[in-house]
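Engineer: Below are the structure tokens for one structure; questions will follow.
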Amino acid sequence: MDKNMTLEKRIDAELYSYQGRMSVFVDDLQGHTVERGADEEFETASVIKAFLLAALYLQAERGMADLSAEIEYEASQFVDGSRMLRALGVGARLKVKDTATMMIICSDNIATNMLIDYLGLDTINACIRELGFAHTVLHNALHFDRYRQLGTTTPRDYASLLAQMARGTLVSKAASVEMLAILRQQHYNTMLTKDFPQYYLDCEETGAPELLWVASKSGSMNACRNDGGIVHTPYGEYVIVLMNKDFHDIIEYNDHPAIVYGARVSRMILDQVLACEGKLWLDLSLIHISEPTRRVVIS
């Protein structure tokens, strides 16, 4: 029997009443994965911004982009759904790294368009392919009145990006560290953390040790609800990606069924990793039963 089948069956049972389609990819970064529709194609929504961040750092590593250079917000880059930059107004100038940070932590769409113009759409997609994400494409800049899609990807591609970042191999060790620091500041991670023990997520307020943290990038459009991130535990990190489509309610709110069921799956994975001390399941080869008490011993 497949060693992770029990966990997959628990996920399937949890999602049995969900009126939508959720694909799941989990990697404990120790050789174990859980995969449910991992190669299915999804609209990215703002998840594509994590790939854009990787493309930016790849170009910076080559000297083809300058993280400290200033770029200007132009009127042509305006798009609904923008946050901080909309308030600053046309003509605002930001460093490239600051623009990328705003693109991730508050999912600013104007900042995203600024970076797409700075790097170029073809260059971004070439970088995405070079980094090994063969099923991920940025189709166009963010202009919802002109384009139906933003990007496409698979849970496996997104999990691979996060796993490389966690291991320090995405672009380079230094680049991975910087990108991870940006993703840790991301504001919108409800699907991953809604059912987590909040006490340990708010250590700045409680003064408790930082036992749990999440570095993530989510994305929502009418057609999808996605989230993916690196979850830190006392036993190390794991990667989780949840992608949703074919649901009925297109309105965005924190109790959307995709969020509710995604949070349940995310907590299930957290509990499993904690119970197995950093792994998705115990290595059965290390377990033997001693005689005569039939006591279970873990080597």
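Engineer: Taking 7 Å along the Cα-to-C-beta vector as the label spot, tell me the Arg146-Tyr199 distance in nanometres, rounded to one decimal.
Structural biologist: Reported label-point gap for Arg146 and Tyr199 is 5.2 nm.
Engineer: I've got another one for you. For segment 140-217, which GluC sites (Glu not before Pro) are both in a DSSP coil and crowded by at most 12 other Cβ atoms within 10 Å?
Structural biologist: Taking segment 140-217 and a limit of 12 other Cβ atoms within 10 Å, the loop GluC sites (Glu not before Pro) found are Glu210.
Engineer: A further question on this structure: Cross-chain or 8 or more residues apart, Cα under 30 Å: how many lysine pairs in the chain fit that? Count them up, please.
Structural biologist: Lysine pairs satisfying the spacing and distance rule in the chain number 28.
Engineer: Here's something else I'd like to know. Tell me, what does the Kirkwood hydrodynamic radius of segment 149-274 come to in angstroms if you use every pair of distinct C-alpha atoms?
Structural biologist: About 15.2 Å, per the Kirkwood formula over Cα pairs.
Engineer: Mind listing P(r) for the chain? All alpha-carbon pairs, 10 Å bins, whole percents.
Structural biologist: 6, 27, 33, 22, 8, 2, 1, 0
Engineer: Between the DSSP loop rule and a limit of at most 11 other Cβ atoms within 10 Å, which chymotrypsin sites (Phe, Trp or Tyr not before Pro) in segment 4-60 are left?
Structural biologist: Tyr16
Engineer: Here's something else I'd like to know. Considering only the other residues whose Cβ falls under 12 Å of the Cβ of Arg129, what net charge follows from Lys and Arg at +1 and Asp and Glu at -1?
Structural biologist: Net charge around Arg129: -3.
Engineer: If you don't mind, there's one more thing I want to ask. Grab the other residues whose beta carbon is less than 10 angstrom from that of Gly236, score K and R as +1, D and E as -1, and report the net.
Structural biologist: -2
Engineer: Beta carbons within 10 angstrom, averaged per residue: use that to sort the peptides 270-282, 157-169, highest first.
Structural biologist: 157-169, 270-282
Engineer: Before rounding to the nearest 500, sum -39500 (n - 2.57) across all DSSP H runs of length at least 4 in the chain and divide by the residue total; then give [θ] at 222 nm in deg cm²/dmol.
Structural biologist: Taking each H run of at least 4 residues, the total per residue is -11000 deg cm²/dmol.
Engineer: How high is the FRET efficiency from Asp80 to Thr6, r the C-beta distance, R0 45 Å, rounded to 0.05?
Structural biologist: With R0 = 45 Å, the Cβ-Cβ based efficiency is 0.50.
Engineer: With a sphere of radius 10 Å drawn around the Cβ of Ile182, what net charge do the other residues whose Cβ falls strictly inside it have (Lys, Arg +1; Asp, Glu -1)?
Structural biologist: +2
Engineer: Right, something else. Can you compute the FRET efficiency between Glu277 and His139 using 1/(1 + (r/R0)^6), with r the Cβ-Cβ distance and R0 = 51 Å? Round to the nearest 0.05.
Structural biologist: 0.75
Engineer: Roughly how many whole Å is it from the C-alpha centroid of segment 10-29 to that of segment 141-164?
Structural biologist: Their Cα centres are 20 Å away from one another.
Engineer: A further question follows. Just from the alpha-carbon atoms, what are the Rg and Dmax of segment 1-114 in angstroms?
Structural biologist: Considering segment 1-114 through its Cα atoms, Rg and Dmax are 19.6, 61 Å.
Engineer: Over segment 1-59, consider all pairs of different Cα atoms and compute the Kirkwood hydrodynamic radius from their mean reciprocal separation; express it in Å, one decimal.
Structural biologist: So the Kirkwood estimate lands at 14.0 Å.
Engineer: Which value, in Å², gives the accessible area per residue of segment 149-195 when a 1.4 Å probe is used on the protein heavy atoms?
Structural biologist: 36 Å²
Engineer: May I ask you to give the percent of accessible area on the chain that is carbon plus sulfur, with a probe radius of 1.4 Å?
Structural biologist: Whole-percent figure for carbon plus sulfur exposure: 49.
Engineer: Could I ask something else about it? Over 17 Å apart: what share of the alpha carbon pairs of segment 78-170 falls there, rounded to a whole percent?
Structural biologist: More than 17 Å apart: 57 percent of the Cα pairs in segment 78-170.
Engineer: Hey, another quick one. Describe numerically, in nm with one decimal, the distance between label points set 7 Å from Cα along Cα→Cβ at Asp66 and at His248.
Structural biologist: It is 5.6 nm.
Engineer: Now a separate question. If you take the Cα Rg of segment 57-107 and divide it by 2.2 N^0.38 Å, with N the number of residues, what do you get?
Structural biologist: Dividing the Cα Rg of segment 57-107 by 2.2 N^0.38 Å gives 1.19.
The values are calculated or read from the model by the stated rules, or taken from the named source; none is laboratory data. Here the structure is a predicted model, which means the values were calculated and not measured. Cβ coordinates were reconstructed from backbone atoms using ideal geometry, including for glycine residues, and neighbour counts include every protein chain displayed. Please note that ligands, DNA and RNA were not included when accessible areas were found on the heavy atoms of the full protein model with its side chains. Shrake-Rupley method; radii C 1.70, N 1.55, O 1.52, S 1.80 Å.
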